[in-house]
Structures are given as structure tokens and as C-alpha cells.
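Each remark here refers to the structure printed beneath this line.
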Amino acid sequence: MTTVTMTVNGKSVTANVDPRTLLAQFVRENLRLTGTHVGCDTSQCGACVVHVDGRAVKSCTVLAVSCDGASVTTIEGLANGAELHPMQAAFREHHGLQCGFCTPGMIMSAVDIVNRKGHDLDEHTIREELEGNICRCTGYHNIVKAVEAGAKAMGGTVAAGIAAE
Amino acid sequence: MAMTMNGEAVLPAPRETVWAKLNDPEVLKACIPGCQSLELASPTEFAAVAKVKVGPVSATFKGRVHLLDLDPPNGYRIQGEGEGGVAGFAKGGANVRLEEVPEGTKLVYDVEAQIGGKLAQLGGRLINGVAKKMADEFFGNFAKAVGSENAAA
Amino acid sequence: MYAFNYQRAKSVRQAAGLLAKNGEAKLLAGGQTLLPTMKQRLASPPVLVDLARIEGLAGIERKGRAIVIGAMTKHADVATSTLVREAIPALAALAEGIGDPAVRNRGTIGGSVANNDPSADYPAACLALGATIVTNKRKIPADEFFQGLFTTALDEGEIIVKIAFPAPSKAAYVKFPNPASRYAMVGVFVAKRGSEIRVAVTGASSDGVFRWTAAEEALRSRFNPKSLDGVAASADGMISDIHGSAEYRAHLVGVMAKRAVSAALGK
Amino acid sequence: MTATGIGAPVRRREDFRFITGQGRYTDDIERPGQTYAYFLRSPHAHAAIRSIDAAAARATPGVLAVLTGDDLAADGVGGLICGWMIHSKDGTPMKAGAHPALAQGKVRYVGDHVAVVVAETLAIAKDAAEKIVVDYQVLAPVVDMNAAVKKGAPVIHDVAPDNVVYDWHLGDKAAADAAFAKAKHVTKIDLVNNRLVPNPMETRAAIGEYDGGSESFTLYTTSQNPHVARLVLSAFIGIAPEHKLRVIAPDVGGGFGSKIFIYAEETVCVWAAKKVGRPVKWTSDRTEAFLSDAHGRDHITHAELALDDKGRMLGLRVKTKANLGAYLSTFSSCVPTYLYAPLLSGQYDIPAIYCEVEGVYTNTAPVDAYRGAGRPEATFVVERIVEVAAREIGQDPAAFRKKNFIRKFPHQTPVIMAYDTGDYAASLDKALELIDYKNIGRRKRESARKGKMRGIGFSAYIEACGIAPSAAVGSLGAGVGLWESAEVRVNPVGTVEVLTGSHSHGQGHETTFAQLVCDRLGIPIDQVSIVHGDTDKVQFGMGTYGSRSGAVGMSAIAKALDKVIAKGKKVAAYALEASEADIEFKDGRFGVAGTDKSLAFGEVALQAYIAHKFSGQDLEPGLKEGAFYDPTNFTFPSGVHVCEVEIDPDTGVTRVDRWVAVDDFGVIINPMIVEGQVHGGIAQGVGQALLEGAHYDASGQLVTASYMDYCMPRADDLPSFKVDHTTTPCPSNPLGIKGCGEAGAIAAPPAVINAITDALGHEDVTMPATPQVVWRAARKAAFRTAAE
């Protein structure tokens, strides 16, 4: 067992874990943050995406022990209390989800895209940047719209109405 | 998944020598890539353990190697199958022919191999390459074994 | 995943020492290939040596006409590096096309090069740009480094420290991704430096990355896609799987090479 | 239309929990003391099991049990069943081989269940599974359908010595032959409908639990129809009597059909829970999902269309081989028969149709319903042969379709179905306008200038949804009637709980069903909650598949709401001291006609429970009504999808450039959700046409068992879609709803292939039309052009 300490959604956590524990397992099983999902075995579907030190990673392909000292944000840490993150609000407003299983990873990836590529995203860029996230329900049509709108909202160019909704 | 490949090598040794090596468990053990043990169960059957390493993948196969259709000194068929635990199973064989040529002996081989289980499910793009590499390694090692022996003699 | 002992190396020397102590130990660079393999129980290293906390292993610098990239530099950092974008934009573009954004945030150049997957992108850049792979023991020219399917010149216990890429005058990488895995089914990196022209092909051959010398010769007379008309790659030794036959891959090598030359010319 | 009533694009009420990570899927549930199950699966496609030595596995610390088929047999646990009886042409019943949840004596596909290990952790279970030694006698496998029915082929089930499950037919052979005899032109095609793997993003999972005190079981599972699961586990498999078994399907991450079926793993978890005395949890990994979820499609078809001298359709003959895999999955037998052949008339007036279907066993995973189930296969046949016929006789494919459309309703086809209503030409006209058909020539020339090839493809589909009238499906062999139930519970404060037998796994029922309640009762949407997915709460139901939740499930709710309103009128009559005949219900108020006396819905609810003013004999207290709704007909959504592609002949890459969908779903409850369903369906259909294919090698190994080789559609594989609709309300249900969940997946594949073949100028393109396939086809096209 190895001791690991990290900050998850702003709270410091310390645990003794088997080194083979993946970050996805750690947040789901140790911390009971089950919003992070596991949808494949080959690091492709993206349902498990979380942010480690501000960058999107696939938590099913990262060891928890290697995140010692890191700051981790999961889908549960995105909203500010009852106030949704603009990207979350955009997914609801634009019907960017159906069964909801890929959604946490999709939203975490979307926020990461905005962090890297800015607030003014065209359809082509969004589709390319979503390469690592698979959705089986939506055909991506509304996800693309949601990411575009969420990106704008993160830049504050859309009325705060959506965020406050 | 099944695959086939073939090749040939000219070995600087008389055909009888090559044939003897082909039937020598110590030589076979040294030539089978990753072979950890090869124990005689009968003159034509061996229990074998081989550790196969391909990039990040490593799997240990336990199984049997048989020598069939013995036609001294013209050739035989070498056939094996192994269980690789989680990785799945592998089986395959090679028809080996020996021909006398002025430079020594020409060894001609046709290999077919088949794998099943997790390696087949996940490793599609790599199977052919790995099988070819292993066949090349085996016959490469064998050529070396024959060559070095001959040089030493 | 099987259980293993986790070691966080503080220096390359310490990492090399840990490897020396246990021949079955593996280095954890970015883990984007190794960890999925371990999850499938297709690898069972008893010891995993994490290189992430070794100071000085990550980073990009310019040394004369070369760009030197630390082994633990992540693909995303190569893709967005101003130094790389200015000196070798083709290399930045290649890094931006590896895997997906989340994979690029973990995967490292050293890990990719050491693994030498026949479908990986970086080996093509190393070979075409004439890079030098610097290890804890020596400097290895790319031409000698890549030795076939998952095979490199690295000795047991040898660790890549950095890779030096001489800047070309013109270069481009164009790949045809496997529709499912998005690995390169064929990737062609074309580089021109002075009169030297190198064309490296990844994804296509089951022996891994190789230099396509016929194309290099054809381009030497005139660096133009038209020079490649009638130059065909041989299907011998090409990967054949459900996504593409050897013949199709060989054809794509030609198409991607032309497109790479066009891109290198800014067309 | 109110802001939350029928027709409004109400934002989904379920979304908050999903976007904040608070959805609760089966694997998110942790039961006290839970243990973990891991299944040892066969690496061989076909083998006899000589022996299983599990001693070392059992001795592993942390292992609670290792169970095999022998243990199942010893406990008298029955096999998995197929619930729809199909009879062959000669009247003999289909040949259903035994399907034990853990193999007994033989394994029949790679992934077949050999043993289960139950342990304290999943890692321990996996470690122990590696220690089980199975002595297999490997048998020759048969993977290819044509090979399976050849003489001397390996026999998969003794009950079917020729590997034929059934040899079935539908239609009038003599009439069809007569039509062909007088034909001026006959178009013939051969098609392969590729095998697909459903791939909902949430893999299957189950937690079985046993309470010794009450001798009762609970199963948490990823199910589209928990009541049917309970019925089958109880009545057929014999795990527990129905009243001692609770099945809970919490949030379910997509189904697409694959979660309708009763599988081995879920069954074993319930059974094993009692054996180990602790909850037993199993979660499929993705590779297991590829191996063991029921696959979809997998047909080989020859079809012929007879035309008269004016290009009118006279007759259609279809001969199909359907791969059913190694065992008959829960509904597999009906998919290539009664869900397929009755749709072969498409939108066309075809006087004579005859179809033969041979269901075949192979050493592959079972094949069952997958989004569309039979209807995509039928539509692919019809829309490909219609397209080819138009091209062969030199008619514009749109005009040719229009000429042959059914125009008078109701219309009885020669293959069972009685279409109730539709306006196919209206959808086609709208689609042509939206795709800008008149300028397709210019766009083709523009593409050609860039060295690209552009093509346009149509698909005018029809489907039968709202499955299904119980009497009708009963006469066709279904084991159960396919009605739906609803219960409306009005609380004293006027809030409403609706219990439904439908199940939502992405369809947004918590929103759309509530919209219906708002609409009917005139109450705010936040006073309505929808309860589903728990057999202890909802008495019975049939679940969600076949686009039935709206047409059947909501109709049941509407019926129950009518009863609530009727009872409310009685209550209001007492409360308002008026005659019941004078009570009107409007805009959420019960009023006395011709007066200003009225009570709000909530006030009437309170009166119903206070009951002070009732005469007990006349009126019972309370306000709760239930209904069972059994449809009188299928519903017939239809529409036209048009796809425009651009092909790079150098690489074979096909880019979908434009997509127009004009669908007639009847009355639409929530257009936002309906459009979302269409988008998702199109993506799956495009996936089938261009990207997806399950591939077994000759030895029966599934070589597409991960996302490394099975190509899932990603965002950059698809364009944005232009989605519109026309409306002819369905006359057979009270809401006029037709169903929308499968339309896209049904319509899309032929639209894509028709577009590719249009671009290439020949018909020799198979699905999935991967870059390699299209590159070869483009080379063939180039040779043809050169030869001309």
C-alpha cells in the first residue's frame, strides 16, 4: 500500500491505496464520487475524463499514486454550489445529453477545450477536439451546439441567464 | 486469428548436420524466442514454456511442441500449441524442408499460426507482425546456431 | 491489473538503479500504452518506476539549430511550444495529432519513442528529421535507434533523457488515421534540410518506422509532389489487417507522401 | 400549447443530476458487504468441456465461491429462454437449443460463460479465475452462415442438426411469381447487412442480493424492462417466485435494445447472492460487452423487384439468411421474421411480396434486437433495390419513388401490415427542397473540380412502432402481450406521481411524460414526478423498446389521467354541491357549468382525501387511478432522409457533407427531445454504413473486441443534421403519437450507400463502406470509366 495525498474538488484527501488503483477507481470507490464513469478499457471513450492540475486526463489511464500532490477536479467539483458551471448549463439548455453516461467526461473535456482554445469555437474545431469522447446517444449534434454555447458563456459573452437558471 | 508466412535461408553446413540440429532439443530451446524450458516427453514431443514479449505486452505460454511427418534428412513439420493464461492461446506449425545446395543446405519454411482469446481480441493490428518477427527470430537463431557450430568446427 | 511495487524515481540514476535491480521492472513515462496493457493483464511488471518527478526530464529548449525535447515532455507541451512551432512546425503539428487531447496531456515523447510502436507518430519525426536520441549512457542517431517492431537500440537499463531535432528547412507530417483507434494506419514525415531529403513512414510496415528511400531519391531531383508520380511503395512487409490490406497501405504511403510534400511546400 | 405542455421543447428535468455527476447507475451503487463476480469465458468458439478443475481457485484467500454449470443444474436453475415462437414453413416449431447461464458440457462462442468466481474484490476474483483449469476438447467451429447450413458442417446444437433454427416465410409466393412473370424489368441485388455491436456507453452491470429473513431477492441491473426480467427470472429460470424478487433498473446509460434481454451474468448474480449470502456485483468491461452483449443485424439477402413498362412496382421477392449466433437470445427469433418481413412493402404500393428467411446458428455471440430491430434490415433491402431499379430504368430516384408511393389510407400491404395514415410525398418534397436537390449537379461538378466525387442518396423509410397489439403479436408467436400500464397517484396536496411500466434510459420520460400530465391536469410541471424502473413500485410493465414508450406507455398514462379527471369530477360535484353532469374540467379547474363556482385541481385532490362530504357508499375516498393500454394497431412513422457525400478517391475516405431528415412522427410531445432521438439514430445508421462492423475470423475469434478495432462514430465523423418533420397524427392511439426512437437508425444506412453508389456510378459497395472498401470501389469506377 502507498499513501497518496491530493486535493480533490478543493478538499485535501489522504488515503492508503494499492499502487494499482487507477485514479478513476480512487475517485469512484474511495471517495464515492461516482460521476466519473468508466466506459471502455482502452482509454478511448472519455467517460472518465477529469482535470489533474487543470488539464484533462483519462482517469482510467492514470495511477492514483502518480497524482500525489496534485489537484484533481471531477464533474462533482465543477458547479459552484447550486450554481451550474456555464458548460453544464449549456449542455442542459442545448440538450447535449440523453442517457447521461458520457456526459461528465464530455463536459470535463469541453471545459478543457475552452481552456486551451478560447471562447470562440467553430464547429470543426469542436468536433476535432472531441475526438477522445464517445457518445452513443446524441449523434453529437447537440453536444457540438452545447460546447459552442458553453464556451461563449464561459467567456461571459452570453447573458448570465443560462448560468443562473 | 490466423496468419501464414514463409521464408528460406541458406546454411553453410551439410544437410545431415542441419537435420540433426533440427532434432536437437537444446538447439530448439535456444532458437524458440523467449523459450524458458523445453523438456523431452518423447523423442518427438516436448513440453515447453516460452515467454513472449512484444512491446508492452508480455505473456508466458505453456504447451507442447511436436515433431511430425519426419522425413530425414529432407524435413519435418514442427507444431506447437500453448496456453497463455489471460492472454489466450496460440497454436501453429511450420513445414520445414531441407535441400542440398552448393553453399550447404537450403532451409525452406512455411509457417501458419493462429491465436485466440484476448490477444486476438485486442491485438489485431500487431498479430501478423509479431508472428513474422517470431518466425524470423526462430529461423534466424537456428541459422546462427548452425553457423557458429560449423565455424567452431 | 496485477499488483506491483511502485517506485517514484528522483533521478535518472536512481531509475536506472531500480531497473538494474529488477530486470522485469518497467518505466512509467506517460503510461498511455503501458497502463491499458497492464489493465488487460497483458503485462505484469513487478516494479513500476515512475519518471514523472525527475527534475529536468521535461522541457523544451533551443540549442543552435536544433530543438531539444526532454523525454518526459508531454505531447500537448510539444504541440503548443512556441519554440517548436517556430523552428519545426511540422513536429508541433504531429504532436497535436497524437491520440486525443486527454492522452496528449499524459503521454510523453520519451515513452513513445522508447516503445517504438509500429503505428506511433514520433518515430517518423525522429527518423525524417535525423534526430539524436540522448540516453543516460550515450547519443544514438535515429537511423540506428529504431530496429523494427517495438525494438530499439536501447540496452537494458538504458533510459532516454532527451531528443534533439535539427530544424529542417521544410517539413510536414501527414497521416491517415485508423478509423477506429486513430493510430496512424500510414503516416509520412517528409523533411528537407539543404539538399538532404528524408522520408519516414510509420504505421504501414510490420517492422515499424522506415525510410522510404525511393521517394527520397525522387524528391532529391525536385522537391515537388509531382516527383513522386510513378514512385510506388512495395506492399511487401506492410501490415495487413481488417482495416487495410498491405496493398491499400502501400498505396496510402504514396498518397500521404505526396500530401506531405505539398504541405511542406505550404500548398 | 403551454410552456410545459404537449409540443413544448421543455428542457429535461433529469439533466441536473447527470450534468452534476449525480446520476445513479448500477455500478455506482454500493451495497453493504458486496462481493464481486468475475466470469471465466471460453477462449474457443466451439469446444466440449471435459472437466473444470477449480480447486486452486477456491483455495485462494478472499474467494467465496467458484460456481459452474453443474452447480446451476444441481440447484435446478433453468436456462435462458427465447420468448417468441417462430414456426417454419412446414409448421414445425423453431429449434431452440438449451441455453444454460453457465456452460454445461459445451461452449459455443468465444465469450461463452464457463464459470463464475465470487470474491472479496474484483482483483482477487480475476486472480482466482486464472487458476481455474478447463480441459477443452476443441471442436471445429462454424462462423459463416453459408458454411453453417452446408452438409457436414459442425453441429452447434443437437436439436438443430443442420444448424437451421427455422425456415420461415411470409407472403403469397404464387402471387409474387405471377407478378415477376409479367414484369418488363427485374432488378436483382445481393446485400450484406453487417453485424453490429450495440455499445451503449454504460456497459451491463448487476448486483444480486438475498435477504434470508424475508427469503427475497433484489436485482439492481441495467435493464430496459425490469418487469420482464423479473417475469423471466421467476417463471422460466426459477430463481424465485415473482413476489419474492424485486428488480430495480436505476439510471441506465443507454440501451439500444441490448438491455432488453435476460442474460447469463445478471441471472448468475441473483442466484450466487443466495449461495454466498452476500450481495454479488458484476460490471462488464468493454471487451466483455463486445463478446457477450447480443449483437445486431447480420443478414445476407438476395432480393428481386419486378417493374412494369412504366416503372410501376409489381412484386418483390426476398430471400434472407439471418445469423442468430450460438444461442437464441430473448427476442432474437422475431427480429428477422415478424419485425422484418412485414416492413418490406416500405412506402410503396407493391401488390405482391414474398419473403423467405432462414435463421441460422453459428459459433458467434447471440444476435438480437438492436435499434430498429428488423426494420433497418427491411429498409436497407427496400431502399437499395428501389434506388438501383430507378437507376437501371433511367428514372430520377426521387420521382421513381414518388410514382410508387402509397397514396390511399388505410392501406393493407401483402405482408400483414395495415398502414393507417401518412403523406409520403409531402416528406419527400420537403426533403428535396431542404437538400437543394435542384442544384446537386452543380455541387457534383464543384467536387469533381477538386478531384472529389459527390453523390446523393435517398431513403424513404417506414417503420412499425408502438409494439404492439397483444392479440396481433400473440397470433404471431409472441410469449406475452405488449400493452403498457400506468398508475396516477394524486396526493392530497395535489402533487402527482405517475408510475409507468415504460423505462427511460436516455429518452427523457421524466420530462415528456410529465408534459402530458401538465397538459391534461393543468398543474405545474414541478408538481409531477415520474416513477419507473422498480418492480416494487410499479406493479407491472413491458418496458421500453420498439419506440413504444410514447405511443403505448403515454397512452396508458393518458387513459389513467382520464380516469383521474372523471373521479375528480365526482369529487368536485360533492365539494361544489352540484350535479356531476354539470362539472367541467378545464385549465386545471373543476367548475360548475354556467357558474363561476370552481375548485383548482389541488383543492379537489384535498377534498378526495378529506372525504368529509362524500357519501361513502357512492364514492370512495382518495384519488388514484390505474390503466392498462393495449394498442389496436402498430403506429407507422415514416419519412425521407437524404444524404450527400463527398468521396476522396485517392484514399477512399467518405465525408458525409449534408444530411436532411424529414420525418412524420405524428403528434410530437417535445420537439427538442424528438430531434435528439433522430440525431442519435442517424449517427448509429451512419456508423453502420461507414464505420461499424463486428468481425469474427474463421476460427471464431472476435477481432473487433475493443474501440481499437470496432469503429464507433465520433464527433468528427459526422456533420450537423438538418431535421424537420411533417405531421399526420396517428389515428389508433389517443395522443396521435407514432414513435421516433429508431427512425434515424432505420433510415440512414441505405441513404449513405445510395449516396456512395451514386458518386461512384456502380453498385458494388458493401457495408461498412470503410475507406478501404470505397477506395477499391472507386478504383473499379475509374477502370469502368476508362473502359468506356
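The values are calculated or read from the model by the stated rules, or taken from the named source; none is laboratory data. Since we're looking at a predicted model, the values are computed, not measured. Virtual Cβ from ideal backbone geometry, glycine too; neighbours counted across all protein chains shown. To get the accessible areas, we keep the full protein, side chains included, count just its heavy atoms, and leave off ligands, DNA and RNA. Shrake-Rupley method; radii C 1.70, N 1.55, O 1.52, S 1.80 Å.
Across 10 Å bins from 0, what is the distribution of all Cα-Cα pair distances for segment A:2-77, in whole percents?
22, 61, 17
Convex hull volume of the Cα atoms in chain B, per residue, in Å³?
102
Under a crude label model (7 Å from the Cα following the beta-carbon direction), how far is D:ASP158 from D:SER720 in nanometres?
6.3
Report, in listed order, any pair from B:LYS53/B:LYS132; D:LYS310/D:LYS402; D:LYS259/D:LYS559; B:LYS118/D:LYS150 with a Cα-Cα distance greater than 19 Å.
Exceeds cut-off: D:LYS259/D:LYS559; B:LYS118/D:LYS150.
Using only helices, what value at 222 nm comes out for chain B when you add -39,500 (n - 2.57) per DSSP H run of length 4 or more and divide by the total residues, to the nearest 500 deg cm²/dmol?
-10000 deg cm²/dmol, from helical runs alone.
Looking at segment B:79-153, which GluC sites (Glu not before Pro) are DSSP coil and have at most 15 other C-beta atoms within 10 Å of their C-beta?
Of the GluC sites (Glu not before Pro), the ones in loops of segment B:79-153 whose Cβ has at most 15 other Cβ atoms within 10 Å are B:GLU103.
How large is the convex hull of the Cα atoms of chain D per residue, expressed in Å³ as a whole number?
It comes to 178 Å³ per residue, whole-number rounded.
Pairs to check: B:LYS51/C:LYS26; C:LYS170/D:LYS452; C:LYS258/D:LYS452; A:LYS145/D:LYS438; D:LYS567/D:LYS613. Give those whose C-alpha atoms are more than 19 Å from each other in this structure.
C:LYS170/D:LYS452; A:LYS145/D:LYS438
Can you give the log10 of the normalised intensity I(q)/I(0) at q = 0.05, 0.09 Å⁻¹, computed with Debye over equal Cα scatterers of the protein assembly as shown?
Debye curve over Cα of the protein assembly as shown, log10 I(q)/I(0) at q = 0.05, 0.09 Å⁻¹: -0.39, -1.30.
In percent, how large is the relative contact order of chain D, given Cα pairs closer than 8 Å and 6 or more residues apart?
15
What FRET efficiency comes out for the pair C:SER262/D:LYS244, r = Cβ-Cβ distance, R0 = 51 Å, nearest 0.05?
In this case the efficiency is close to 0.10.
Solvent-accessible area per residue for the protein assembly as shown at a 1.4 Å probe radius, Å²?
34
Take the Cα coordinates of segment D:44-157, assign each an equal point scatterer, and use the Debye formula without solvent to give log10 I(q)/I(0) at q = 0.19, 0.21, 0.22, 0.23 Å⁻¹.
Debye output, listed in q order: -1.07, -1.20, -1.25, -1.30.
Of B:GLY63, B:LEU126, B:THR105, which is farthest towards the positive pole of segment B:2-152's charge dipole, taken about the Cα centre with +1 and -1 on the beta-carbons of Lys, Arg and Asp, Glu respectively?
B:LEU126
Using 0.36 nm per residue of separation minus the Cα-Cα distance, give me the extension gain between D:ALA48 and D:ALA698 in nm, one decimal.
Between D:ALA48 and D:ALA698, full extension yields an extra 232.1 nm.
Can you run phi through the Karplus equation (6.51, -1.76, 1.60; θ = phi - 60°) for segment D:278-294 and list ³J(HN,Hα) in whole Hz, with x for Gly and Pro?
For segment D:278-294, the Karplus curve yields 9, x, 10, 10, 9, 10, 5, 8, 5, 5, 4, 4, 4, 6, 10, 5, 5 Hz.
Give the average, rounded to an integer, of partner chain Cβ atoms located within 10 angstrom of each Cβ in A:64-75.
Shielding by partners across A:64-75 averages 2.
For B:MET5 and D:PHE783, what is the calculated FRET efficiency with R₀ set at 35 Å and r taken between the beta-carbons, to the nearest 0.05?
The formula returns an efficiency of 0.70 here.
Between the DSSP loop rule and a limit of at most 12 other Cβ atoms within 10 Å, which chymotrypsin sites (Phe, Trp or Tyr not before Pro) in segment C:79-186 are left?
Counting only loop positions with at most 12 other Cβ atoms within 10 Å, none of the chymotrypsin sites (Phe, Trp or Tyr not before Pro) in segment C:79-186 qualifies.
With the crude spin-label approximation of a point 7 Å out along Cα→Cβ, what separation in nm comes out for B:ASN74 versus D:ALA593?
Result: 10.7 nm between the two label points.
Give me the percent of the accessible area of segment A:2-77 that comes from carbon and sulfur atoms, probe 1.4 Å, all protein chains in place.
Summing carbon and sulfur atoms, their accessible area is 44 percent of the total for segment A:2-77.
Using only the Cα atoms, work out Rg/Rh for segment D:20-80, with Rh taken as the Kirkwood radius, to two decimals.
Ratio value, two decimals: 1.07.
Could you report the accessible area of B:LYS144 in Å², rounded to 10, computed with a 1.4 Å probe on the protein chains as they sit in the structure?
Solvent-accessible area, nearest 10 Å²: 140 Å².
Across peptide B:129-142, what mean number of C-beta atoms from other chains lies inside 10 Å of a residue's C-beta?
Per-residue shielding by partner chains comes out at 2.
Taking H as built 1.01 Å from N, whose amide H comes closer than 5 Å to the amide H of C:ALA120, not counting residues under 5 places away?
Under 5 Å from the amide H of C:ALA120: C:GLY203.
Once you put a point 7 Å from the Cα of D:THR121 and another 7 Å from the Cα of A:ARG32, both along the Cβ direction, what distance in nm separates them?
In this crude spin-label approximation the distance works out to 2.0 nm.
Where does chain D land at 222 nm, in deg cm²/dmol rounded to the nearest 500, when only DSSP H runs of n ≥ 4 count, each adding -39500 (n - 2.57), divided by all residues?
-8000 deg cm²/dmol
For segment C:57-177, what's the relative contact order in percent, using C-alpha pairs closer than 8 Å and at least 6 residues apart?
Normalised by residue count, the contact order of segment C:57-177 is 29 percent.
If the chain between C:GLU96 and C:GLN14 were fully stretched, how many nm would it gain, using 0.36 nm times the residue separation less the Cα-Cα distance?
That pair, C:GLU96 and C:GLN14, stretches by 26.3 nm at full extension.
Name all residues of segment C:249-264 having a backbone nitrogen under 19 Å from the label point set 7 Å from the Cα of C:ALA232 along its Cα→Cβ direction, giving them as ranges.
C:249-259
So, taking all protein chains as they sit and a 1.4 Å probe, how much accessible area belongs to D:TRP483, in Å² rounded to tens?
Roll a 1.4 Å probe over it and D:TRP483 shows about 50 Å².
Using only the heavy atoms of the protein chains and a 1.4 Å probe, how would D:SER234, D:SER475 rank by accessible area, largest first?
The most accessible residue leads, giving D:SER475, D:SER234.
Distance between Cα centroids, segment D:567-584 to segment D:185-264: provide it in whole Å.
Computed from Cα coordinates, the inter-centre distance equals 45 Å.
Which ³J(HN,Hα) values in Hz, rounded to whole numbers, follow from the phi angles of segment C:244-261 under the Karplus curve 6.51 cos²θ - 1.76 cosθ + 1.60, where θ = phi - 60° and Gly and Pro get x?
Coupling constants for segment C:244-261: x, 6, 4, 4, 5, 4, 4, 4, 5, 4, x, 5, 5, 4, 4, 5, 5, 5 Hz.
If you stretched the chain out fully between D:ARG312 and D:ALA611, how much longer would it get, using 0.36 nm times the residue separation minus the C-alpha to C-alpha distance?
Taking D:ARG312 through D:ALA611 to full extension adds about 100.9 nm, to one decimal.
Given +1 on the Cβ of Lys and Arg, -1 on the Cβ of Asp and Glu, and no further charges, what dipole in debye does segment C:60-166 carry about its Cα centre, rounded to the nearest 20?
My answer is approximately 400 debye.
Ignoring ligands and nucleic acids, what accessible area does D:ASP158 show with a 1.4 Å probe (Å², nearest 10)?
140
Only Lys, Arg, Asp and Glu count, each charged at its Cβ (+1, +1, -1, -1), so figure out the dipole size of the protein assembly as shown about its Cα centre, rounded to 20 debye.
Charge dipole of the protein assembly as shown: 2660 debye, to the nearest 20.
Could you list log10 I(q)/I(0) for segment C:4-96 at q = 0.10 Å⁻¹, which the Debye formula gives when each Cα is one point scatterer?
Calculated log10 I(q)/I(0) at the listed q: -0.34.
Suppose we keep just the alpha-carbon trace of segment D:483-629; what are its Rg and Dmax in angstrom?
Values for segment D:483-629 (Cα only, Rg and Dmax): 15.6, 47 Å.
Round to the nearest 0.05 the FRET efficiency obtained for B:SER42 and B:ASP110 when R0 = 22 Å and r is the Cβ-Cβ distance.
According to the calculation, E is roughly 0.35.
Could you rank the peptides C:10-21, C:246-257 by their average count of other C-beta atoms within 10 Å per residue, with the highest value first?
Result, highest mean Cβ count within 10 Å first: C:246-257, C:10-21.
Count, for each residue of A:52-59, the Cβ atoms from other chains sitting within 10 Å of its Cβ, then give me the mean as a whole number.
5
For B:GLU26, D:GLU644, give me the order by solvent-accessible area with a 1.4 Å probe, most accessible first, ignoring ligands, DNA and RNA.
B:GLU26, D:GLU644
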